[in-house]
1. Suppose the filter is under 14 Å from Q127 (Cβ atoms), surrounded by fewer than 19 Cβ atoms within 10 Å (Cβ to Cβ) and either modelled with pLDDT of 90 or more or touching a Gly at 6+ places or on another chain (Cβ under 7 Å) (or both); does V18 pass it?
2. Here is a list: S49, S44. Which entry is surrounded by fewer than 18 Cβ atoms within 10 Å (Cβ to Cβ), among the polar types (S, T, N, Q) and at pLDDT 95 or above?
3. For V116, are the conditions met, namely being surrounded by 15 or more Cβ atoms within 10 Å (Cβ to Cβ) and either more than 15 Å from I15 (Cα to Cα) or out of contact with any helix residue (DSSP H, G or I) (no Cβ under 9 Å at 6 or more places or on another chain) (or both)?
4. Could you look through segment 26-46, keep only residues that are within 18 Å of N128 (Cα to Cα) and touching a residue at least 40 places away in the same chain (Cβ under 8 Å), and pick out the one that is farthest from the chain's Cα centre (by Cα)?
Amino acid sequence: MSWLLAAIHLLGVCIAFVAIWCRARALGRVHGYADLAPVFAADSVWGLSALLLVLTGLTRAFGGFEKGTEYYGHQPFFHIKMGCLVVVLLLEIYPMITLLRWRIARKDTRPSNLAVVGRLAQISYVQNGLLVVMVLAATAMARGIEL
């Protein structure tokens, strides 16, 4: 079970990275309502992968499948990884609210302020950079590297 959870978690990271990248690229191509469908699709995949990552991560770290709370509590790379996760989630607040408003506005055929697409794309690229740092921290932790 431990191996399966680890594999699902790692696949979740891959899916998240690709989804965030696709969202950023799609945002760079938005010029009007007609261009939003790929943004919404990538954002939905990112949301599902985030849920998968959080659920498998919590299960692995605190469900008795891995090294346990004692190990992770004293592991600096775990703290780096969790710090990056918190920043990724905090950065996601603005895109999540904005895209939710756009989805609602699209259904109601009300105009949306699409001027922020560049900022949303930048946030996505930063989030992907943080995902890379999270993978580096996780692999350092798995290999027993000490700070």
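1. yes
2. Values: S49 fails: surrounded by fewer than 18 Cβ atoms within 10 Å (Cβ to Cβ).
Among S49, S44, only S44 is surrounded by fewer than 18 Cβ atoms within 10 Å (Cβ to Cβ), among the polar types (S, T, N, Q) and at pLDDT 95 or above.
3. Yes.
4. Per the stated criteria, the residue is G28.
The values are calculated or read from the model by the stated rules, or taken from the named source; none is laboratory data. Everything numeric in this text was worked out from a predicted model, so none of it was measured. Counting neighbours? That spans all protein chains shown, and the Cβs are built from the backbone with ideal geometry, glycine included.
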